[in-house]
Amino acid sequence: MRFRARLTLLFIIALSVLLMATSAANAATLTLDEQYMLNLVNKERRANGLQALEIDPKLTYMARRYCQEMITYSFFGHISPVSGELIDRIIASGVPDGWLLAGENLAGAPTVEAAFKGLMNSPPHKDNMLEPKYTHMGVGIIDGGDYGKMVAQEFIAYPKSMLFISNDPSYDLLIYINDKLFYSDPPAFIRQGRALVPIRQLFEELGATIIWDSEGKKIIVNHPSANIVMTIGDNSALVNHKPVMLDIPPILTRGNTLIPLRFATESLGADIKWSSTLRTININLPGSLDN
């Protein structure tokens, strides 16, 4: 279902889907705007005899990313030219299989209160906020865009068996390479403050070839801009035959070799940026991908 409405300086849109797919929770600190929106929604739910929604950090990070995406790429709607549809964003955000119902409200407004009032005055958006089946919510509010603030409310219904899911925030991150979302299996994660990624998938995405020396447990990477040699469990590496020390060594786990992302990409001359608010890593390596 798709619905659009305009109120002075307010643009809102709602989406609700009934599907079986993926979800989870971690520790996310809400901004003041996001906490205010959560409080407004739960106040209205309690007034209608409904259970208050708990915050879902994975959905909150997803909501922030999507708000920023709409601002960056100058569009507004549930279908993105970058991240696809709601179901695609849910899966990409690491929400585990088993959820029952999901919905999304989007709004653009100068204030949180104006966004909330506009959503409440529109039946489809109000229905999402007051859906009895929903158990959790993600809230993302980013300053910017034509309306002052971009707002995303992400709703989900978990069965009772999923209410005590893992709250490890180490896996709550997305990686973009030249503005293209990078998918990996196993997913990238953070250890000792460093993002680790599967080596073969990363370097192949960056246009490099990989040679694995099983006897010496060495990884040899050949790329037009660099030659890299790493050893499992060793903090020292060679970049263009010059020794370099790593903050964290490559590791081998469950048949997958994982390496520190920043070292790998910067060795190829890439620019890498980390957003703690959005928990996203943006890598720019000109010439590595078709834009």
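The values are calculated or read from the model by the stated rules, or taken from the named source; none is laboratory data. Everything quoted here is computed from the prediction, not taken from an experiment. As a convention, Cβ positions derive from the backbone with ideal geometry for all residues, glycine included, and neighbour counts pool all protein chains shown. These accessible areas exclude ligands, DNA and RNA; they are computed on the full protein's heavy atoms, side chains included. Shrake-Rupley method; radii C 1.70, N 1.55, O 1.52, S 1.80 Å.
Of the residues making up region 66-113, just one is among the hydroxyl-bearing types (Ser, Thr, Tyr) and touching a Pro at 6+ places or on another chain (Cβ under 7 Å), namely 73. Could we say that residue 42 is open to solvent by less than 40 Å² (accessible area, probe 1.4 Å) and either modelled with pLDDT under 90 or more than 16 Å from the chain's Cα centre (by Cα) (or both) here? When the stated conditions are applied, residue 42 passes them.
Among the residues examined, residue 272 qualifies as closer than 30 Å to residue 138 by Cα and either out of contact with any helix residue (DSSP H, G or I) (no Cβ under 7 Å at 6 or more places or on another chain) or not basic (Lys, Arg) (or both). Taken residue by residue, region 143-151 has no member that is open to solvent by less than 10 Å² (accessible area, probe 1.4 Å) and outside any strand (DSSP E or B). Filtered by the rule that a residue be open to solvent by 80 Å² or more (accessible area, probe 1.4 Å), at pLDDT below 90 and in a strand (DSSP E or B), region 168-217 gives 180, 191, 194. Cβ-Cβ contacts under 7 Å between residues 6 or more apart (or on different chains), taken from a first residue in region 136-148 that is within 11 Å of residue 66 (Cβ to Cβ) to a second residue that is acidic (Asp, Glu) and part of a strand (DSSP E or B), are listed as 138/154.
Against the list (1) in contact with a Lys or Arg (Cβ under 7 Å, 6 or more places away or on another chain); (2) under 22 Å from residue 64 (Cα atoms), the condition residue 229 fails is (2). Within region 231-256, residues that are in contact (Cβ under 8 Å) with a residue 40 or more places away in the chain and at positive phi have Cβ atoms under 7 Å from residues that are β-branched (Val, Ile, Thr) and part of a loop (DSSP other than H, G, I, E, B) in no pair, counting only partners at least 6 apart in sequence or on another chain.
Rundown of residues vs (1) modelled with pLDDT of 90 or more; (2) of a type outside the set (Val, Ile, Thr); (3) assigned to a loop (DSSP other than H, G, I, E, B), yes/no style:
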| position | (1), (2), (3) |
| --- | --- |
| 249 | yes, yes, yes |
| 252 | no, yes, no |
| 278 | no, yes, yes |
| 281 | no, no, no |
| 287 | no, yes, yes |
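Evaluating residue 77 against the criteria (1) of a type outside the set (Ser, Thr, Tyr); (2) open to solvent by 10 Å² or more (accessible area, probe 1.4 Å); (3) in contact (Cβ under 8 Å) with a residue 40 or more places away in the chain leaves one unmet condition, (2). Would you please name the residue that is most open to solvent (accessible area, probe 1.4 Å), looking only at residues in region 218-238 that are in a loop (DSSP other than H, G, I, E, B), in contact with a strand residue (DSSP E or B) (Cβ under 8 Å, 6 or more places away or on another chain) and under 14 Å from residue 252 (Cβ atoms)? Result: 233.
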